[in-house]
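A.B. asks: I have a structure here, written as structure tokens, and I will follow up with some questions on it.
The values are calculated or read from the model by the stated rules, or taken from the named source; none is laboratory data. Treat the numbers as computed from the prediction; the structure is a model and nothing was measured. All Cβ positions, even for glycine, are placed from backbone atoms using ideal geometry, and neighbour counts span all protein chains on display.
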Amino acid sequence: MIDEEKKVLLQLIKSQICIYFENAILFSKLRDSAEHDGLTGLYNRLYLSQLLDNWEDKMIDINGAIILDLDNFKNINDNYGHLAGDNVIRMLVGVIKNAIKNLPVYAIRYGGEEFLLLTRGIDSKNIVEIAETIRKEFNALKYEKSSLSVSLGVSILGESCGVVDYLELIRSADEALYTAKRIGKNVVVTSDEDLQLFDSVSFNIAKNLSRYNRFNVIGEIYRVNFKSPHLLSIEEYNKLKYCITSCFREYDGIYGSVSLSFVVLTDNQIPQELIENKINKALVSNELDYISFEVYSNTDAYREVMLHSERVASISIALAEAYGLPAEEGEKVKLAAANHDIGKLYINPKILNKPGRLTPEEYEKIKMHAFYSYQYAKSRENLKFVADYIFYHHEYVDGSGYFKKKDIPLHSQIIVLADIFDALCENRCYRAAFSRDEAIRIMEGEKHKFNPELFELMKKIADYI
């Protein structure tokens with residue numbers, strides 16, 4: 001039989017154990033509350049910070065990032081109030097949870113109406129499918145008479161990002177989201193080497209081309225694509241950047257990306273074989289000889305783009321005059337047409353000059369040249385006012401263009417016809433040129449895409465342009 005003294009001792013031990021478990025439960029609840037967003041129940045920025053601080057333990061299997069943001073969300077708060085805005089956010093979170101159900105994904109509320117998904121060991125194709133599922137399922141929900149939609153940016157380790165750097169993985173997804181917003185919203189954009197290089201070099205290449213045009217400086221634009229059999233560490237990536245830098249002069253412009261592609265702007269003509277030899281030696285001396293690479297010169301492509309654009313400008317002004325467009329507006333058409341394809345310089349030359357049929361993925365990359373041309377124009381004072389005309393130069397009146405735009409400016413509708421006609425009448429790396437009559441017959445089969453009045457005028461002047 002237990003005496004009173006032992007009973008008291010046991011009660012004391014019991015109470016201490018209970019206090020310990022109560023404190024443990026309370027601590028767990030507090031930690032859970034601190035790591036989760038109160039409105040959505042998803043992880044919050046604090047939890048993301050903890051992941052990044054301990055990435056070697058907690059993020060080692062992360063292989064993709066999706067960042068999504070509500071389009072036109074401010075209108076909901078302004079027109080219906082913040083409680084309505086909260087309901088919309090809950091609707092989106094419901095879609096997100098449904099899309100990632102039973103999948104290894106960290107779901108984080110990244111900002112007010114912005115969310116970050118970090119995928120763990122999911123196939124790259126399925127990562128993009130998750131993003132598309134969220135976009136489509138949210139679009140299927142209707143909230144009042146709003147124009148709500150969702151834009152998404154995707155970055156994939158080993159494809160978008162060749163470096164084990166999770167901050168860069170998230171940053172490149174963020175850049176892709178920003179691009180999705182700029183090309184019209186309600187779309188999924190995956191970060192790639194072209195987009196990353198465009199973001200880092202766009203303004204500088206504009207200056208370089210401007211200098212070439214004004215002073216006839218004979219320079220070079222090189223594209224160097226590296227490929228590693230494994231993901232690079234941050235240290236390896238820094239060594240790779242040193243290698244490429246050491247092969248050029250200190251005042252040449254060198255711009256890199258975590259997709260392991262680089263652009264070099266130089267006013268010095270260097271034989272491509274010499275550059276390849278210098279890069280090979282630099283890789284060997286820095287013990288990076290397991291990395292392969294390809295070098296392309298974009299200078300010839302630039303000249304071809306300019307020749308094509310000059311012809312398109314000439315056809316465009318003839319069509320504008322036949323339509324009766326005022327001279328001042330005709331000059332705007334001509335200026336936009338003369339710069340409509342400059343964005344092709346940001347496209348991987350391997351895809352741009354491919355002689356065979358493009359894959360769907362390659363075609364998506366080619367489509368981005370219209371956006372890059374638009375951004376190039378926006379970066380130059382003398383082109384800003386025609387930037388929108390450039391952006392729409394692959395959009396059709398039936399809404400079947402690159403970015404499915406409608407309400408296309410008349411100036412762009414003129415450039416569309418001139419661009420297609422000249423493209424059909426010139427030799428391309430994948431086919432021989434068509435005659436003018438053949439070009440018109442081909443366009444006749446697609447006439448539902450064009451302004452009918454402009455197309456009739458094009459047929460009348462085709463033999464004289």
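A.B. asks: Mind checking which residues of the range 300-314 are at pLDDT 95 or above and within 15 Å of TYR389 (Cβ to Cβ)?
C.D. replies: Of everything in the range 300-314, those that are at pLDDT 95 or above and within 15 Å of TYR389 (Cβ to Cβ) turn out to be VAL312, ALA313.
A.B. asks: Let me ask another. Find the residue count for the range 54-96, including only residues that are more than 18 Å from LYS136 (Cβ to Cβ), modelled with pLDDT of 85 or more and either acidic (Asp, Glu) or part of a loop (DSSP other than H, G, I, E, B) (or both).
C.D. replies: Looking only at that region, the number is 3.
So that you can scan it fast, the table gives a plain yes or no per residue for (1) out of contact with any Ser or Thr (no Cβ under 9 Å at 6 or more places or on another chain); (2) of a type in the set (Phe, Trp, Tyr); (3) not assigned by TED's automatic domain parsing to the domain that holds LEU70:
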| residue | (1), (2), (3) |
| --- | --- |
| MET91 | yes, no, no |
| VAL95 | no, no, no |
| ILE100 | no, no, no |
| TYR106 | no, yes, no |
| ARG109 | no, no, no |
| GLU114 | yes, no, no |
| THR119 | yes, no, no |
| LYS125 | yes, no, no |
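A.B. asks: Tell me which residues, restricted to the range 73-107, are in contact with a strand residue (DSSP E or B) (Cβ under 7 Å, 6 or more places away or on another chain), farther than 13 Å from THR40 by Cβ and touching a residue at least 60 places away in the same chain (Cβ under 8 Å).
C.D. replies: The answer is TYR106, and nothing else.
A.B. asks: Now, a different point. Tell me which of these GLN272 doesn't satisfy, since it passes every other one: (1) surrounded by fewer than 16 Cβ atoms within 10 Å (Cβ to Cβ); (2) under 29 Å from GLU175 (Cα atoms).
C.D. replies: (2)
A.B. asks: If I filter the range 152-159 for residues that are surrounded by fewer than 19 Cβ atoms within 10 Å (Cβ to Cβ) and within 22 Å of ARG45 (Cβ to Cβ), do I get at least one hit?
C.D. replies: No: the range 152-159 contains no residue that is surrounded by fewer than 19 Cβ atoms within 10 Å (Cβ to Cβ) and within 22 Å of ARG45 (Cβ to Cβ).
A.B. asks: If you don't mind, there's one more thing I want to ask. Among the listed residues SER412, SER373, which satisfies the condition of being polar (S, T, N, Q), over 17 Å from the mean Cα position of the chain (by Cα) and in a helix (DSSP H, G or I)?
C.D. replies: Going through SER412, SER373 in turn, the sole match is SER412.
Condition check ((1) over 30 Å from ASN87 (Cβ atoms); (2) not β-branched (Val, Ile, Thr)) across all residues:
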| residue | (1), (2) |
| --- | --- |
| GLY112 | no, yes |
| THR119 | no, no |
| THR133 | no, no |
| SER147 | no, yes |
| LEU169 | yes, yes |
| LEU177 | no, yes |
| ILE183 | no, no |
| PHE198 | yes, yes |
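A.B. asks: Shifting gears a bit: With respect to TYR402, is the statement that it is more than 28 Å from PHE262 (Cβ to Cβ), modelled with pLDDT of 90 or more and aromatic (Phe, Trp, Tyr) true? Quick ask: steps written out before the conclusion?
C.D. replies: Working: more than 28 Å from PHE262 (Cβ to Cβ): no; modelled with pLDDT of 90 or more: yes; aromatic (Phe, Trp, Tyr): yes.
Considered against the rule, which asks whether it is more than 28 Å from PHE262 (Cβ to Cβ), modelled with pLDDT of 90 or more and aromatic (Phe, Trp, Tyr), TYR402 comes out as no.
A.B. asks: Just need a number here: residues in the range 273-292 that are touching a residue at least 40 places away in the same chain (Cβ under 8 Å) and farther than 15 Å from LYS239 by Cα.
C.D. replies: The total comes to 1.
A.B. asks: Now, a different point. Of all residues being surrounded by fewer than 17 Cβ atoms within 10 Å (Cβ to Cβ) and not in a helix (DSSP H, G or I) in the range 435-454, which is farthest from the chain's Cα centre (by Cα)? Just the residue, please.
C.D. replies: Quick first cut of the range 435-454, residues surrounded by fewer than 17 Cβ atoms within 10 Å (Cβ to Cβ) only: 435-438, 441-442, 444-448, 452-453.
Okay, now just the ones that are also not in a helix (DSSP H, G or I), so 435, 445-446.
Details: SER435: 37, GLY445: 33, GLU446: 29 Å.
Within the range 435-454, the match that is farthest from the chain's Cα centre (by Cα) is SER435.
A.B. asks: Filter the range 346-370 down to residues that are basic (Lys, Arg) and assigned to a helix (DSSP H, G or I) and give me whichever is farthest from VAL189 (Cα to Cα).
C.D. replies: Result: LYS350.
A.B. asks: Suppose we filter LEU457, LEU417 for residues that are in contact (Cβ under 8 Å) with a residue 60 or more places away in the chain, farther than 22 Å from VAL305 by Cβ and either assigned by TED's automatic domain parsing to the domain that holds ALA318 or loosely packed, with under 13 Cβ neighbours inside 10 Å (or both); which single one remains?
C.D. replies: LEU457
A.B. asks: If a residue must be more than 13 Å from GLY162 (Cα to Cα) and either polar (S, T, N, Q) or crowded, with 19+ Cβ neighbours inside 10 Å (or both), how many such residues does the range 223-247 contain?
C.D. replies: 7
A.B. asks: Sticking with this structure for a sec: Quick one: ASN72 ticks every box in (1) closer than 21 Å to ALA176 by Cβ; (2) surrounded by 13 or more Cβ atoms within 10 Å (Cβ to Cβ) except a single one, so which number is it?
C.D. replies: ASN72 satisfies every listed condition except (2).
A.B. asks: Restricting attention to the range 39-53, and to residues there that are touching a residue at least 12 places away in the same chain (Cβ under 8 Å) and part of a helix (DSSP H, G or I), which single residue is farthest from THR119 (Cα to Cα)?
C.D. replies: LEU46
A.B. asks: Assuming LYS404 fulfils every condition listed in (1) buried (at least 20 other Cβ atoms within 10 Å of the Cβ); (2) not in a helix (DSSP H, G or I) apart from one, which condition is it?
C.D. replies: That leaves (1) as the condition not met.
A.B. asks: Of all residues being of a type in the set (A, V, I, L, M, F, W, C) and in a loop (DSSP other than H, G, I, E, B) in the range 97-114, which is surrounded by the most Cβ atoms within 10 Å (Cβ to Cβ)? Just the residue, please.
C.D. replies: ILE100
A.B. asks: Could you list, in sequence order, the residues of the range 376-393 that are of a type outside the set (Val, Ile, Thr) and surrounded by 23 or more Cβ atoms within 10 Å (Cβ to Cβ)?
C.D. replies: Passing the criteria: TYR376, ALA377, TYR389, PHE391, TYR392, HIS393.
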